[in-house]
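This report concerns only the one structure given below.
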Amino acid sequence: MRKKITAFICAASAAAMLSVNAYAADSYKTGDVSGDGVINVTDVSKTAAHVKGVKSLKGASLTAADMNGDGKVNVSDISLLAAKVKGIDPNANRSEAEKALDKMTLHEKVCQLFIVTPESLTGYDKVIYADDNLDSGLKKHPVGGIILFAANLDNVTQTKGLISWAQKYNSGHSAVPLFVSVDEEGGTVARCAQKLGTTSFYNMYEYRYQGTDKAYSNAYTIANDIAALGFNLDFAPVADTWSNPNNTVIGRRAYSDSFSETATLVASAVKGFGDGGVACTLKHFPGHGDTATDSHVGMACSYKTVSQLEKQEYLAFKSGIAAGADMVMAGHITMSNIDGLPATISSTMINGELRGKLGYKGVVVTDALGMGAVANLYNSGDLAVKCLLAGDDILLMPADLSAAVKGVENAVANGTLTEERIDESVLRILALKEKRGILK
């Protein structure tokens, strides 16, 4: 760190004559650490001395040194201040996601990792309208997104109002708009079609012989319908292959019982969802179509080896990723012949296989963390930390949001997780929001 600080000071010194005289000397503005109305190398030196612990800044000087407004003064602020002295715009080549991340506190970053039901924010049994309790919940926990279920959907006008007001309340507490998500696969799992009369479909398995054009058009229609309501994220398509005829949790939700055919159809669906106007999610990595039990209730095991997965289940995930899938959902599938852990909390499966072998660089979302396969084993705080250590980014529906947030914050405080690890996931989330036009 000392070498970095010295380099920043030297760079600033070379441009010391490029002082910024933009305001009166009695006014402490951002960067004017000395309070003399001039931003120059002296301000850089004082900030560096504070960061090194040589001479602490206090009051207005400390506030002025916080260049990125994140409530902390560190090496990043020295870099920004040195750039300002040199007349360089430090944000010139930075994405909106990067700039947004710089301004977030640790609490805001941790909360951004969560997508939750409106009920978990309000304490109500059922939410169909946004009210002051939702506003207060978003103030306390400025989460990354909400997910709506059939119970939240009464009619089109009500649904649009709930989503619109949720975004409006969120904007009062966060500069980052919400993901508003739903499970709209078509067929059995279709909250909007069942409650709001959007286009209805059979299960995707029934269209397997109609080819890629039909897979694309079905997905496009679903996306277009739900985008018109205000949703911007769909937890679909199912990338599992119905390879075990006794599997009921996936069954005909899958696009096919053939691994290669599933791969082809899922890729087309991904393009349809994207063109239709919503972010989409491949689920449930590494594949839930061969399990005999339902992970909603308890442990669901796969006995596949890595070699078998590469030739079978991975095909659809590879093709979906190549087609531009926005997210991959990690399933709570215990990989009995790999490491014996649910994939959601397995670094071998997420960091090693999905990010490493499959080369996936995007957002990984967990399956719902209140499901029996994991909730029966871990409390909300420990489970959230395990997911982040494994490589997941978005933590979906923990059983106890407050406990999960505190668990992550405590893990950063005690060194189990680093803030850099949190930043890594938050930046992926913000980058996706920017890509999809949610963060502007």
Worksheet item: Taking the stated definitions as given, is GLU310 among the acidic types (Asp, Glu) and more than 24 Å from TYR209 (Cα to Cα)?
Response: yes
Worksheet, complete the sentence: Apart from one, (1) crowded, with 20+ Cβ neighbours inside 10 Å; (2) part of a helix (DSSP H, G or I); (3) modelled with pLDDT of 85 or more all hold for VAL33; the odd one out is (2)
Item to complete: Please find, among THR105, THR63, the residue that is out of contact with any Lys or Arg (no Cβ under 7 Å at 6 or more places or on another chain), surrounded by fewer than 21 Cβ atoms within 10 Å (Cβ to Cβ) and within 30 Å of ASP392 (Cα to Cα).
Response: THR105
Response to the item:
Considering only helices (runs of 4 or more DSSP H) wholly within the range 328-434, the ones with at least 1 residues that are surrounded by 18 or more Cβ atoms within 10 Å (Cβ to Cβ) and of a type in the set (Ser, Thr, Tyr) are 380-390
Practice prompt. Sort through LYS440, LYS406 and tell me the only one that's over 13 Å from the mean Cα position of the chain (by Cα) and not assigned by TED's automatic domain parsing to the domain that holds THR122.
Written response: LYS440
Worksheet entry | the range 54-81, residues that are part of a loop (DSSP other than H, G, I, E, B), under 30 Å from the mean Cα position of the chain (by Cα) and of a type in the set (A, V, I, L, M) | MET67, VAL73
Worksheet item: Hey, which of the helices (runs of 4 or more DSSP H) in the range 87-176, taking only ones fully inside, have at least 3 residues that are modelled with pLDDT of 95 or more and small (Gly, Ala, Ser)?
Response: 156-171
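Listed here are the residues, each with its yes/no results for (1) within 30 Å of VAL110 (Cβ to Cβ); (2) crowded, with 18+ Cβ neighbours inside 10 Å; (3) among the hydrophobic types (A, V, I, L, M, F, W, C).
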position: GLY161; (1), (2), (3): yes, no, no
position: ALA175; (1), (2), (3): yes, no, yes
position: GLY186; (1), (2), (3): no, yes, no
position: TYR202; (1), (2), (3): no, no, no
Discussion item. For the range 279-296, check the following and say yes or no: at least one residue is of a type outside the set (Ser, Thr, Tyr), farther than 15 Å from PHE235 by Cβ, touching a helix residue (DSSP H, G or I) at 6+ places or on another chain (Cβ under 7 Å) and surrounded by fewer than 22 Cβ atoms within 10 Å (Cβ to Cβ).
Written reply: no
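The values are calculated or read from the model by the stated rules, or taken from the named source; none is laboratory data. Not measured: the values here are computed from a predicted model. Here Cβ is always computed from backbone atoms with ideal geometry, including for glycine, and neighbour counts include all displayed protein chains.
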